Amino acid sequence: MSWEVSPGVGYAALAAVTAATLLIGAYGLRISRTTGDFYVASRTVKPWWNASAIGGEYLSAASFLGVAGLVLVSGADALWFPIGYTAGYLMLLLFVAAPLRRSGAYTVPDFARARLDSVAVRRVTSLLVVAVGWLYIVPQLHGAALTVGLTTGLPGWAGSVAVVVIVCLSVLSGGMRSITFVQAFQYWLKLVALAVPVLFILFRLGADGVSWTGDGAAFDAGAVTATEMADSVYRNISLSIALLCGTLGLPHVLVRFYTNPDGVSARRTTLIVLGLLSVFYLFPTLYGVLGRIYLPELASEGSADATVLLLPARIFDGALGDLLAAFVTAGAFAAFLSTSSGLIVSLAGVISQEFFRGSISGFRTATLMAAAVPLGIALLTNTQALAGSVGMVFAFTASTLCPLLLLGIWWRRLTAPGAVAGMLTGALLCGGAIIAGGLFSVSGTAVPVWLEQPAAWTVPAAFAVMVGVSVRTAGAVPGGTSRFLARIHTPERIFRS
């Protein structure tokens, strides 16, 4: 049975998603006029709409393609990824969403400056936000290269360039207001693009009976030693810490809570997001399970991330297979566009605030700067382990921005020297682990598990240094700390009454 994706299918799917994205972005341009529209959509986005937009930007290449690939390769161990990606929003709901919205800030660096009254903290936070954003954009561009190359036959760089061009046009046209409409549409497109083909596949298999067509390689785990078991336990614990805490510091997610009208709406938005993500992650998991049966050869070929793209054509011949392949191709491209647009709009906000005084023209210049660097990195590098690479970004964020937010919101004794020391400690330790792990991989040597998943030790170290230095510099607690904390923890209904 032929299971290659027809180039015509790829071109049609990509053209349709591009046209829809630009048209919806143009609609956003019609109602984006003020600075508030560009940065936070004038703080008027309703919970259901905002939750859909968050789902659109959060469900990235790692979610759409990478989770299925990990399930194909690793089986049940890979389920920690969708569980962690979703559970991170429970942490947001409990600890961050409403207080962050009540802070009145435009960006995470704005929050840091308001909380600690320190230009140094703001600048360090800005650098880390930009670094996190760039690191997160690169896997999206790698995913676009994989998808475009596989479905159209074009060189991979064309996919990366296309995503950057389309995203920049959308962001430049209307900022946050425009991107909100685009991302909400793209969440539902991604959900339908995954759900419809896999439901057709399940109905087909139910009618015909499931048959084994693979060689079983993906299932052959062999004997597990005590060391391997210990490594597996450590890896899962460390990954859970990275995903749970890393979600709290993702700049493109946090900026969404500034667009809610108030703290109550921010909490309601987060609750809806939990539901939307829970539904979505059912489908990549199903693709991974079916891929272990019908496409096990992808694991040995190092092409597991292509499972979602190739499975419909493997099961169905002819026009139906092409149509279902078009669905998943469109959804995959929407995933790259929506996550990249959310990251670029959040980075543009930070860069504009820092270097261009927050003007609309500065926002547009910052948009081009935010897109150019990750595009250059993506064109010079290559990876197919999408979920794994995004997981390292979560570990970095958990080690840097997460301690600042949690302690800044919930601990009055946090000081500017403590915040800077903690963030730099987390950045150096986690960044060093990422670089060292990359060197091991390049040399062909197995990466030690503590470098492969560093969050279990880098996150506690960052918290410990931040707390320790703050205690040693107790006299540096800003004078307005009590007033600031009272404001972010006081429900809006008390002010209204």
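The values are calculated or read from the model by the stated rules, or taken from the named source; none is laboratory data. Just so it is clear, the structure is predicted and the values come from calculations on it, not from any experiment. Cβ sites come from the backbone with ideal geometry, for glycine too, and all protein chains shown count toward neighbours. SASA here: full protein model, heavy atoms, side chains in, ligands and nucleic acids out. Shrake-Rupley method; radii C 1.70, N 1.55, O 1.52, S 1.80 Å.
Across segment 105-114, computed HN-Hα scalar couplings (Karplus, 6.51 cos²θ - 1.76 cosθ + 1.60, θ = phi - 60°) run 7, 8, 9, 4, x, 4, 4, 4, 5, 5 Hz from first to last residue, x flagging Gly and Pro. Select from Tyr58, Ile166, Cys402 the residue farthest towards the positive end of the dipole of the chain; place +1 on Cβ of Lys and Arg, -1 on Cβ of Asp and Glu, and compute about the Cα centre. The residue sitting farthest along the positive end of the dipole is Cys402.
Let me know the shape class of segment 51-129, please: from the alpha-carbon gyration tensor, a ≥ b ≥ c as square roots of the eigenvalues, rounded when a/c is under 1.5, otherwise prolate if a/b is greater than b/c, or oblate. Write down the numbers at each step before the final one.
Working: a/c = 2.82, a/b = 2.24, b/c = 1.26.
Prolate.
Whole angstrom only: what separates the Cα centroid of segment 121-169 from the Cα centroid of segment 257-324? Rounded to whole Å, the Cα centres lie 19 Å apart.
Surface composition of the chain: carbon plus sulfur atoms hold 69% of the accessible area, using a 1.4 angstrom probe and ignoring ligands, DNA and RNA.
What net charge do the residues around Leu286 carry, taking every other residue with its C-beta under 14 Å from that of Leu286, with Lys and Arg at +1 and Asp and Glu at -1?
Values: positive: Arg204, Arg292; negative: none.
It works out to a net charge of +2.
From the Cα gyration tensor of segment 351-497, with a ≥ b ≥ c the square roots of its eigenvalues, which class applies: rounded if a/c is under 1.5, or else prolate if a/b is larger than b/c, or else oblate? In terms of gyration-tensor shape, oblate. Any idea what angle helix 226-247 forms with the longest principal axis of the chain, computed on alpha-carbon atoms, 0 to 90 degrees, nearest 10? Rounded to the nearest ten degrees, it is 60. Place a point 7 Å from Cα of Val373 in the direction of its Cβ. Which residues in segment 318-361 have their backbone N less than 16 Å from it? Those under the cut-off are 343-356.
Axis angle, to the nearest 10 degrees, between helix 119-152 and the longest C-alpha principal axis of the chain: 10 degrees. Taking the chain as a whole, the Cys residues whose C-beta sits 4.7 Å or farther from every other Cys C-beta are Cys168, Cys430.
Just from its helices, what would the mean residue ellipticity at 222 nm be for the chain, if runs of 4 or more DSSP H residues each count -39500 (n - 2.57) and the sum is divided by every residue, rounded to the nearest 500 deg cm²/dmol? Mind showing how you got there, number by number?
Values: 23 runs with 390 residues, N = 497.
Taking each H run of at least 4 residues, the total per residue is -26500 deg cm²/dmol.
Placing a label point 7 Å from the Cα of Ile237 along the Cα-to-Cβ line, the residues of segment 414-457 whose backbone N sits under 12 Å from it are 456-457. Considering only Phe440, Leu23, Gly143, the residue lying farthest towards the positive end of the dipole of the chain is Leu23, judged by Cα position with unit charges set on Cβ.
Remark: segment 312-323, residue by residue, has Karplus-estimated 3J(HN,Hα) of x, 5, 6, 8, 10, 8, x, 5, 5, x, 5, 5 Hz, where x stands for each Gly or Pro and the curve is 6.51 cos²θ - 1.76 cosθ + 1.60 at θ = phi - 60°.
By the gyration tensor of its Cα atoms, with a ≥ b ≥ c the square roots of the eigenvalues, what is the shape of segment 228-324: rounded for a/c under 1.5, prolate for a/b over b/c, or oblate? Write down the numbers at each step before the final one.
Numbers: a/c = 3.14, a/b = 1.47, b/c = 2.13.
Oblate, since a/c reaches 1.5 and b/c is not below a/b.
Against the chain, whose longest principal axis is taken from its Cα atoms, helix 360-380 shows a tilt of about 40°. Around Ile344, with a cut-off of 12 angstrom between Cβ atoms, what is the net charge of the other residues, counting Lys and Arg +1 and Asp and Glu -1? Cβ neighbours under 12 Å give a net charge of 0.
Under 5 Å from the amide H of Gly358 lie the amide H atoms of Gln353, each residue being 5 or more positions distant or on a separate chain, with H modelled from the backbone and absent for Pro and chain starts. Values [x] 69, 48, 44; [y] 71, 59, 44; [z] 65, 61, 53 are given for comparison; Cα extents along the principal axes in Å, derived from the coordinates here, is the one labelled [y].
Pro139 sits among other residues whose Cβ lies under 15 Å from its own Cβ, and their net charge, with Lys and Arg +1 and Asp and Glu -1, is -2.
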